[in-house]
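The values are calculated or read from the model by the stated rules, or taken from the named source; none is laboratory data. Not measured: the values here are computed from a predicted model. All Cβ positions, glycine included, derive from the backbone under ideal geometry; neighbour counts span all protein chains shown. Heavy atoms of the whole protein, side chains included, go into the accessibility calculation; ligands, DNA and RNA do not. Shrake-Rupley method; radii C 1.70, N 1.55, O 1.52, S 1.80 Å.
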Amino acid sequence: MSDVPLALLAALTVLAVLVAAALSAGEAAVVRIPRNTVADLLAARHPAAERVRRLTEDRAAVAGSAAVLRLLAEMVAAVCLTLAIAASDLVWSVELVIAVAACAFLTVVLARLSPRSL
């Protein structure tokens, strides 16, 4: 499979992982920001205060939306990684084992080491 764009798949994998990490951080932040902090931002007329206020009005909906988008980004990363591995000249069973291990590693990195856990 010489026509597989490995560089594009690698770039999409990295981009999707970064997007998933950012969404994970946002998901955690919107749930954890205290109401008095939002009030302080509004009182100080911070440029982002109104956006923060709107995001924290319905925290569950915002966190849920971020979680869905994060899951989509994680799936894109896993699929791109799997396609890149499948493009090798290895036996399909070895490709399968490598792809499962790589996707499991990716899941652990995103689930355990993402900004959400800080």
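Structure notes:
- Which listed residue, of Ala60, Ala44, Ala101, Ala78, is at pLDDT 90 or above and either in contact with a helix residue (DSSP H, G or I) (Cβ under 6 Å, 6 or more places away or on another chain) or under 19 Å from Val4 (Cα atoms) (or both): Ala78
- Flag if Glu50 is of a type in the set (D, E, K, R), modelled with pLDDT of 90 or more, surrounded by 12 or more Cβ atoms within 10 Å (Cβ to Cβ) and more than 21 Å from the chain's Cα centre (by Cα): yes
Residue-wise test of (1) assigned to a helix (DSSP H, G or I); (2) among the hydrophobic types (A, V, I, L, M, F, W, C); (3) open to solvent by 60 Å² or more (accessible area, probe 1.4 Å).
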| position | (1), (2), (3) |
| --- | --- |
| Leu69 | yes, yes, yes |
| Glu74 | yes, no, no |
| Ser88 | no, no, no |
| Val100 | yes, yes, yes |
| Val108 | yes, yes, yes |
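- Any pair with Cβ under 9 angstrom, 6 or more apart, that starts in region 28-41 at a residue that is not in a helix (DSSP H, G or I) and ends at one that is not aromatic (Phe, Trp, Tyr): Ile33/Val52; Ile33/Leu55; Ile33/Thr56; Ile33/Arg59
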